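The values are calculated or read from the model by the stated rules, or taken from the named source; none is laboratory data. Just so we're clear, the structure is a prediction, and the values are computed from it rather than from any experiment. We place every Cβ from the backbone using ideal geometry, glycine too, and count neighbours over all the protein chains shown. Accessible surface is based on the protein model in full, side chains and every heavy atom, while ligands, DNA and RNA are left aside. Shrake-Rupley method; radii C 1.70, N 1.55, O 1.52, S 1.80 Å.
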Amino acid sequence: MPELPEVETIRKQLAAKITGLTITGATIYLEKVIAAPAPVRFGETIRGRAILGVNRRGKFLLFDLSGGYRLVVHLRMSGQLVYETADGPLPRHTHLVFHLDRGRLRLTDLRQFGRVWLVPAAGAEVKELRKLGPEPLSSAFTEEYFLARLQKSRRRIKALLLDQEVVAGIGNIYADEALYAAGVHPARRASDLSVREGKALYRAIRDVLREGIAHRGTSIRDYVDAVGEEGSHQHFLKVHNRAGRPCPECGTRIEKVKLGGRGTYFCPRCQPL
DNA sequence: TGTAGACCAAT
DNA sequence: ATTGGTCTACA
């Protein structure tokens, strides 16, 4: 569930804590979390490299390393990336530990879906990274672009919001919240939205993501930030994970349906079909 | 072009 | 049985 606000929270914290530190080694407990290169080569290549900066693209974390290398991390559903200076026992489901010259950075992931790549910084070998659409909070994501994408798709609007090629970083939580804020039913066809609705949704996307960042992310199930603490945005959600509770606007019970295989929450009155 | 299944393991 | 981000498979 780490979406853009959660990953951005982790990025900020790690940038402050580990920029300038050196990776002295890596311990791999579950080989499949290393997407590239092969695990042995991964360990050899990362050893001794300094962390020059921590960036983010969509839901990907990008660590710029010395010697022209880049470490790419995607937490997928339940991944946690935690920096700690303690050296006690590792929590269950810890699959990878980076040892730093001060402290350690561990990847802990209940569902084992998270992935890590170590690639030349100049190259483009992480396929999913290449295909990402614009950053929603950057000037590259314009209203004109978004309206044009809406116009040429017959997909359900929720599916479009979750498509990382359209815009990078939105996941299930913020998609539901943005659609609610814009008053748009999640099952509407994208091209059926009016220009007015499209504009409202464009604005809502940016608003809900900024709010999520301001609250250091949403902790519903597994998410913790880079120091192991929960975010607080779960207390501010208006519809997501709130089936049966009253809509904050009109009091109607929030409904939950399955859309594209995902739990989808909305207010049937504020978001009519 | 768009939608369903596979991957996981705790709840 | 449910949970979901992304890739793969298929219509």
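Of all residues in region A:21-66 being within 16 Å of DNA strand C (Cβ to nearest atom) and of a type in the set (Gly, Ala, Ser), which is farthest from the chain's Cα centre (by Cα)?
Of everything passing the filter in region A:21-66, A:36 is farthest from the chain's Cα centre (by Cα).
Looking for something open to solvent by less than 20 Å² (accessible area, probe 1.4 Å) and away from DNA strand C (no atom under 13 Å from the Cβ) - is there at least one such residue anywhere in region A:235-243?
no
For region A:85-98, which residues satisfy the criterion of being away from DNA strand B (no atom under 16 Å from the Cβ) and buried (at least 17 other Cβ atoms within 10 Å of the Cβ)?
Within region A:85-98, A:97, A:98 qualify.
Output the residues belonging to region A:109-121 that are open to solvent by less than 10 Å² (accessible area, probe 1.4 Å) and more than 17 Å from residue A:54 (Cβ to Cβ).
Across region A:109-121, the qualifying residue is only A:109.
Taking region A:122-160, which residues are more than 19 Å from residue A:175 (Cβ to Cβ) and either buried (at least 16 other Cβ atoms within 10 Å of the Cβ) or β-branched (Val, Ile, Thr) (or both)?
A:126, A:129, A:142
Identify, from the list A:163, A:222, the residue that is closer than 30 Å to residue A:105 by Cβ and within 16 Å of DNA strand B (Cβ to nearest atom).
A:222
How many residues, within region A:233-265, are within 20 Å of residue A:182 (Cβ to Cβ) and in a helix (DSSP H, G or I)?
Final tally of qualifying residues: 2.
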